[in-house]
Amino acid sequence: MEGVRGFVVLLFLLSPVLAAEYAWIVVLGAAQYGGRPSPALERRLLAALALYQKGLAPRIAVAGGKAAGDTLSEGEAGCRYLMARGVPQEALLCETQSQSTYENLLFLRSQLAGRVLLVTDTPHLPRALFLARLLGLEAEGHPVPGRYPPGYWLRETLYRLWLYLGLKPLPGGREPTFLPTALRSPDSPAKGPGTGPRTGPSPAWPAPSPP
């Protein structure tokens, strides 16, 4: 009888995990400013929070390192934001070293067992999924809607073409230079959110992360 009772208690404790569709929700990095998520990162975090509250996964991973001069990483800022909104610390994984989309996924890979749900901007998601599957992750995606500028869509299309041609992400988080400055998102670091020095007000639409 005690064994049956113990099994029932264990099943009750595990029920949120067993019922979840994914093992992890993964928020890909975007800029933060002094611990405050940029508009792009905040949209991703709020989308991930809503998915978590619906029970789609029991854990959330937030990725992203520091830019020059930053005191906090994107991963740390994102985790603090989610904790302040009720996500327990034990349900969070904060990756703090990566400098690109590829590194976001590469540095998390060893800890992401099971199906994962990537959360990022709509234009950025196809490339993120391509890279995740390239790294052997069982990944699906949740696109975060928004009024994204044409330069963002074009840049992501060219990044995907780069990868589809079999060309690898560049070392050190660097990106291939496809677009002149005029076609980049306004007020965006040249290497994408979270990978360049930040001065002045936070941009409304940071450029996508590099490959």
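With a cut-off of 15 Å between beta carbons, the residues surrounding residue 88 carry a summed charge of +2, where Lys and Arg count +1 and Asp and Glu -1. Computed from the C-alpha gyration tensor, the three semi-axes of the ellipsoid equivalent to segment 41-108 are 21, 13, 10 Å, from longest to shortest.
Exposure proxy ranking for 121, 70, based on other Cβ atoms within 10 angstrom of each Cβ and starting from the fewest, stands as 70, 121. Of the residues 156, 90, 74, 42, the one with the fewest other Cβ atoms within 10 Å heads the list, and the complete ranking is 90, 42, 156, 74. Name the residues of segment 104-129 whose amide N is less than 17 Å from a point 7 angstrom out from the Cα of residue 135 along the C-beta direction? Residues passing the 17 Å test: 104-121, 124-129. Computed from Cα atoms alone, the Kirkwood hydrodynamic radius reported for segment 21-183 is 15.9 Å. The value of relative contact order for segment 96-168, using C-alpha pairs under 8 Å at least six residues apart, is 30 percent.
Dipole magnitude for segment 21-183: computed about the Cα centre from +1 point charges on Lys and Arg Cβ and -1 point charges on Asp and Glu Cβ, it is near 200 debye.
Readers should treat all values here as calculations from the given coordinates under stated rules, not as data from a laboratory. Treat the numbers as computed from the prediction; the structure is a model and nothing was measured. Neighbour counts run over all protein chains shown; Cβ positions are idealised from the backbone, glycine included.
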